[in-house]
Amino acid sequence: MATRTQQLVPMAQLLGLSGASALSGRFGVSPAALYASAAVLAPCVAPYTFTVMWSGVQALEAKAAGAGNAPSDAKTKDLVKVWSGQNLNRALIVLAAAALSAVAAIS
């Protein structure tokens, strides 16, 4: 039996894509511009990872390896919370690129 979230997510995706498609048609954004935007946006994950996330990732790797300069347990918990938010942002970048491509495909 599907959970409520599993039932709502496809509906939300469909509504979001149809709304984005309507907006792109209303504002006259061409599919080529949407594809170009998606092509520029998707590779931005790597610079985001290396500029924003890298110091936290290295600290977490040091803790996992048991290095002497590893952060304390309390600091590690804070780092994991920060990392999870940053990882969500990274996923949203990819999601935005996919949404732009999907809107371009149905335009």
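Some observations on this one:
- Search result, residues across the range 68-91 that are of a type outside the set (S, T, N, Q) and surrounded by 12 or more Cβ atoms within 10 Å (Cβ to Cβ): ALA70, PRO71, LYS75, ASP78, LEU79, VAL80, VAL82, TRP83, ARG90
- With respect to being at pLDDT 85 or above and surrounded by fewer than 14 Cβ atoms within 10 Å (Cβ to Cβ), ALA2 falls outside the description.
- Residues of the range 70-104 that are in contact with a Lys or Arg (Cβ under 9 Å, 6 or more places away or on another chain) and of a type outside the set (Ser, Thr, Tyr): ALA70, PRO71, ASP73, LYS75, LEU79.
- Taken over the range 50-98, residues that are within 30 Å of LEU34 (Cα to Cα) and basic (Lys, Arg) amount to 1.
The values are calculated or read from the model by the stated rules, or taken from the named source; none is laboratory data. Here the structure is a predicted model, which means the values were calculated and not measured. Using ideal geometry, Cβ is built from the backbone for each residue, glycine included, and neighbour counts are taken over all protein chains shown.
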